[in-house]
1. I need a count of the residues in the range 24-45 that are open to solvent by 60 Å² or more (accessible area, probe 1.4 Å) and outside any helix (DSSP H, G or I).
2. Considering only residues that are in a strand (DSSP E or B) and touching a Leu at 6+ places or on another chain (Cβ under 9 Å), look in the range 46-56 and name the one that is surrounded by the most Cβ atoms within 10 Å (Cβ to Cβ).
3. Could you please let me know if Ala138 is among the hydrophobic types (A, V, I, L, M, F, W, C), more than 17 Å from Ser26 (Cα to Cα) and surrounded by 12 or more Cβ atoms within 10 Å (Cβ to Cβ)?
4. Output the number of the condition that Leu75 fails; it satisfies all remaining conditions of (1) surrounded by 13 or more Cβ atoms within 10 Å (Cβ to Cβ); (2) free of Cβ contacts under 8 Å to residues at least 24 places away in the same chain.
5. Failed condition for Asn111, given (1) touching a Leu at 6+ places or on another chain (Cβ under 8 Å); (2) part of a strand (DSSP E or B), with all others met?
6. Might you check whether a residue that is in contact (Cβ under 8 Å) with a residue 24 or more places away in the chain, farther than 20 Å from Asp45 by Cβ and not in a loop (DSSP other than H, G, I, E, B) occurs anywhere in the range 83-96?
7. Which residues, taken from the range 141-175, are without any contact (Cβ under 8 Å) to a residue 24 or more places away in the chain, part of a loop (DSSP other than H, G, I, E, B) and open to solvent by less than 70 Å² (accessible area, probe 1.4 Å)?
8. Give the residues of the range 51-71 that are closer than 14 Å to Ala103 by Cβ and of a type in the set (Ser, Thr, Tyr), sorted by residue number.
Amino acid sequence: VYKRQHTYRIKFTEAKQMKALIIYYSFGGNTERIAKMIEKETGADMLEINTAKPYTGSYNEIVDQGHREINSNFLPELKPFEADFDKYDTIIIGSPVWWYTYAPAMRSFLNKVKLSGKTVYPFATNGGWIGHTFEDFAAALPDCTVEKGLNVHFDESTLRTSQAAITAWAKQICE
């Protein structure tokens, strides 16, 4: 009997019989860009988090507002979103870095939703220093297994972290 050997790229959900969800907040588009790259590698579902009131003003005004919000632990209102978190075993969560931690919108999300028992893979986009972003994710998710995060560096909209490093990080989630 002759059997043909085929090599297929198996998506995360088929390979592990688990479901994965990418949850991200993206202010300028960089975090969304990385979320889509991760989606391509993992086959995970996606959920974008948005603030009810968009940030407006000049770059410096928004940076100042973000600084005030981080310092005061401000929780911006979020646009409604729908997801059945119970059907996911793995959460891939991403945010831009605002003043050395994840954005206030992500703080609002993490305060609103319980992800207990999930395995969480954080990623963060930044134009400088990652700060304590991954430690803050771990602290906000005490009932989760938080795995090693992916630090993605940009110069404005130019990706400085290699695509190979992003792909390798995403693929290890599937293993």
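The values are calculated or read from the model by the stated rules, or taken from the named source; none is laboratory data. Model, not experiment: these values are computed from the prediction. All Cβ positions, glycine included, derive from the backbone under ideal geometry; neighbour counts span all protein chains shown. Heavy atoms of the whole protein, side chains included, go into the accessibility calculation; ligands, DNA and RNA do not. Shrake-Rupley method; radii C 1.70, N 1.55, O 1.52, S 1.80 Å.
1. 2
2. This residue is Ile49.
3. Against the criterion (among the hydrophobic types (A, V, I, L, M, F, W, C), more than 17 Å from Ser26 (Cα to Cα) and surrounded by 12 or more Cβ atoms within 10 Å (Cβ to Cβ)), Ala138 qualifies.
4. All conditions are met except number (2).
5. (2)
6. yes
7. Matches in the range 141-175: Thr161, Ser162.
8. Thr51, Tyr55
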